[in-house]
Amino acid sequence: MSDKRPTEAEQAVALADSLAEGRLDRRSFVRGALALGLGLPSIAAVLQACSGEAPEAAKAPEGAAATAPVPAGPPDLGPMEKELKICNWSDYIAEDTIANFEKETGVKVTYDTFESNEELIGKLQAGATGYDLVCPSGYAVQVLLALKLLEPLNPKYLPNQGNIATQFRKTAFDPTDAHTVPWQWGITGIAYRADKVKAPPDSWAVFHDPQYKGKLTMMDDMRDVIGAWLKFRGKSLNSTVAEDLAAAKADSLTAKALLQSFVSAPVKGQLVAGDVWIAQLWNGDTIQAKAENDKIEWVLPKEGGAIWCDSMVMPKGAPNKRAAHAFLDYILRPEVGAAISNFTGYGSPNSAATAKMEKPVAYPTDEQMKLLEFQADLAGASGDWDQVWTEVKAG
Ligand code: N2P
């Protein structure tokens, strides 16, 4: 890993290389180049060299001087701060990601963890967390935006943004890419001990099977548990229909009578030890557990499940904005992004990072996508869901 940060000239060359190698589309190249302060004539020249002609977007207007002014972007950030405070899901970063960043920049990082989007949203709503970066799932980004709890990012400080794969740009939760840098994507399904179960599970119905009483867990996560039972009944995992929620509540309570507990990431240790045989779990965390016990397998139930992408965002009032951008651009480097996904077992939304991985997680095909659904903001119905979950937990 390099000891010094790239100069703007080096970043401009890297951008042009990404365009030439097809890792960056022309629009993103123009955006990145403008952010670096390149003039329109230079941008047009690079575009022309790469494709033989310049698109309208980069052509200097008729009669414009060779030194046409670059449109003003968001205001510059101040000098690099000395600290950075991050809150992320547990087991969701490579062991040396933070240490290498601290060594390279001299910035001291405080790293906290959370276990569900609802926990994170609650922390941010309570205020004064001092966090500079947090990592909600897509629907939770929408919730935080609606609550006006996020700050926009400044692309000038994110020259590696062009490494992000097209399917993770201009997403439903951040249509202008103004607030998010995607971190990892994954799928919620079922992890199981192949050496303990009678037959590999293929349905959420396994959490209703009395022969596994006490050996089952579902996640301590409202969206995942209620969402799974909605899928089980052929409904959208974002349903807000009262009868669907009533059925999901009944199914959750039937399951609860057989569960050892509602538990999320910490269930990995119980699967490894054999205290739990079948657990609702994300694919990447299952891969982490499998590294310790190769009898652990994972399946997407035939009724389908949730696909999600978690993104880094900057909470309102983040005290260390320059350092936050430096960290985001650092994780967007191909080798840093690849190291994170190698550890977590999740898919990287960074195409340059994916290209560097030996065993990248392939993005689902169109056929597989038919079984998967992205979680969406429940907006006005979130109170109904909260009520169902409270009753399930208390029941
Ligand atoms: C935690 C991974 C959580 C991802 N290790 C949930 N979106």
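Lysines near Lys108 by alpha-carbon distance under 25 Å, same-chain residues fewer than 8 away left out - which ones?
Reachable lysines: Lys4, Lys82, Lys85, Lys123, Lys156, Lys316, Lys321.
Which whole-number value in Å² is the accessible area per residue of region 275-395, probe 1.4 Å? Provide the component values of the computation, followed by the final result.
Details: 4990 Å² over 121 residues.
Each residue of region 275-395 exposes 41 Å² on average to a 1.4 Å probe.
Can you spot the aspartates and glutamates whose alpha carbon is less than 12 Å from Lys249's alpha carbon? Ignore those fewer than 8 places along the same chain.
By straight Cα distance, Lys249 reaches Asp384, Asp386, Glu391.
Check which residues have an amide H placed less than 5 Å from Leu281's amide H, if you skip close sequence neighbours.
The answer is Gly189, Ile190, Ala191.
Amide H neighbours of Thr113 under 5 Å, at least 5 residues apart or on other chains, H built in the peptide plane: list them.
Excluding prolines and chain starts, which carry no amide H, the hits are Asn88.
For Glu151, Glu119, Glu83, write out the residues from largest to smallest accessible area, computed with a 1.4 angstrom probe and no ligands counted.
Values: Glu151 35, Glu119 70, Glu83 115 Å².
Largest accessible area first, the list is Glu83, Glu119, Glu151.
Taking amide H positions as placed 1.01 Å from N in the peptide plane, with prolines and chain starts having none, which residues 5 or more places from Lys108, or on another chain, fall under 5 Å of its amide H?
Glu83, Leu84
Quick one: dipole size for region 163-234, taken about the Cα centre, charges +1 on Lys/Arg Cβ and -1 on Asp/Glu Cβ, in debye to the nearest 20. Kindly include the intermediate steps, with their values, before the conclusion.
Numbers: 10 positive and 8 negative charges, 52 e Å.
In total the dipole reaches around 260 debye.
Read phi for every residue in region 185-196 and hand back ³J(HN,Hα) as whole Hz from Karplus 6.51 cos²θ - 1.76 cosθ + 1.60, θ = phi - 60°, with x for Gly and Pro.
The phi angles translate into 10, x, 9, 9, x, 10, 9, 8, 8, 4, 7, 10 Hz.
Is any residue of region 255-290 close enough, with backbone N under 20 Å, to a label point placed 7 angstrom from the Cα of Lys393 along the Cα-Cβ axis, and if so, which?
The answer is 255-268, 280-282, whose backbone nitrogens lie closer than 20 Å to the label point.
What number in nm² do you get for region 71-225 if you take the convex hull of its Cα atoms and divide its surface by four?
Details: hull surface 52.0 nm².
Mean projected area of the Cα convex hull: 13.0 nm².
For region 270-277, in order, what is each residue's ³J(HN,Hα) by Karplus, 6.51 cos²θ - 1.76 cosθ + 1.60 with θ = phi - 60°, in whole Hz (x at glycine and Pro)?
So the J values, rounded to whole Hz, are 5, 5, 4, 6, x, 6, 10, 9.
The values are calculated or read from the model by the stated rules, or taken from the named source; none is laboratory data. Model, not experiment: these values are computed from the prediction. Positions of Cβ are generated from backbone atoms using ideal geometry, with glycine treated the same way; all protein chains shown enter the neighbour counts. We work out accessible area using only protein heavy atoms, side chains counted, and drop any ligands, DNA or RNA first. Shrake-Rupley method; radii C 1.70, N 1.55, O 1.52, S 1.80 Å.
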